[in-house]
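Worksheet for the structure shown next.
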Amino acid sequence: MAGPRWAVVLDGATPRPGVESGCTHGPAWLVHRLASELSGRLALNEPGVRLPLTDVLAASIKATAEAHTGTCALDNPDSPSATVAMLRWRNTTTEWLVLADSPLLLDLGNGDLSVIRDDRVDRLPSYTTEAVRAARNSPGGFWVASTRPEAAYQALHGETQRVR
């Protein structure tokens, strides 16, 4: 999804076979709801005061989680989740945020590209269901957009000079 000065890519995580999410909703519901929350907040922030992208994502994750508190076990580490890649353009800079393994390629000009990639999931010592569950949205593990707003503050984020 995109607006005049921002773009967001969300990728819902397909649950592993046999893993119970504790939720009546799947990744598609989460992605659609999170997309709506993000686009609303990003649109409201144009062109006035701009919240940091981490705050925009945290508020959007919180609102999405609150939308299914009565039907889902939000403390289940296997709750539906998504990766996030966000860009927002200012006059002279581009802000970016990456959460989980959806990378960004930034054109730095003169044919130079910068790859921004969160590789924490690549560094897990084990990929068993139990190991992934323990590492998901945990210090020393990897972070995804799911039910914990604090995941937004674990995202890679920054800004670079805007190429015109």
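Criterion first (in a strand (DSSP E or B), surrounded by fewer than 20 Cβ atoms within 10 Å (Cβ to Cβ) and among the hydroxyl-bearing types (Ser, Thr, Tyr)) does SER114 satisfy it? For SER114, the condition - in a strand (DSSP E or B), surrounded by fewer than 20 Cβ atoms within 10 Å (Cβ to Cβ) and among the hydroxyl-bearing types (Ser, Thr, Tyr) - is met.
Put simply, of GLY3, GLY22, GLY26 the only residue that is more than 18 Å from the chain's Cα centre (by Cα) and surrounded by fewer than 17 Cβ atoms within 10 Å (Cβ to Cβ) is GLY22.
Looking for whichever is in a loop (DSSP other than H, G, I, E, B) and closer than 15 Å to HIS157 by Cβ here; the options are LEU51, LEU74, LEU42, LEU57. Which one fits?
On the way: LEU74 fails: closer than 15 Å to HIS157 by Cβ; LEU42 fails: in a loop (DSSP other than H, G, I, E, B); LEU57 fails: in a loop (DSSP other than H, G, I, E, B).
Testing whether each residue is in a loop (DSSP other than H, G, I, E, B) and closer than 15 Å to HIS157 by Cβ leaves just LEU51.
Within the set ALA152, ALA131, the sole residue that is among the aliphatic types (A, V, I, L, M), surrounded by 15 or more Cβ atoms within 10 Å (Cβ to Cβ) and outside any loop (DSSP other than H, G, I, E, B) turns out to be ALA152. If I ask for residues that are open to solvent by 10 Å² or more (accessible area, probe 1.4 Å) and either under 18 Å from ALA35 (Cβ atoms) or touching a Cys at 6+ places or on another chain (Cβ under 7 Å) (or both), which ones from the stretch 84-95 would you list? Residue satisfying the conditions is LEU87 alone. Screening the stretch 134-149 for residues that are hydroxyl-bearing (Ser, Thr, Tyr) and open to solvent by 10 Å² or more (accessible area, probe 1.4 Å) and picking the one that is farthest from LEU57 (Cα to Cα) gives SER138.
The values are calculated or read from the model by the stated rules, or taken from the named source; none is laboratory data. As the structure is a computational prediction, the values presented were derived from the model and not from experiment. So basically every Cβ, Gly included, is an ideal-geometry build from the backbone, and we count neighbours across all protein chains shown. Surface areas here come from the heavy atoms of the whole protein model, side chains and all, with no ligands, DNA or RNA. Shrake-Rupley method; radii C 1.70, N 1.55, O 1.52, S 1.80 Å.
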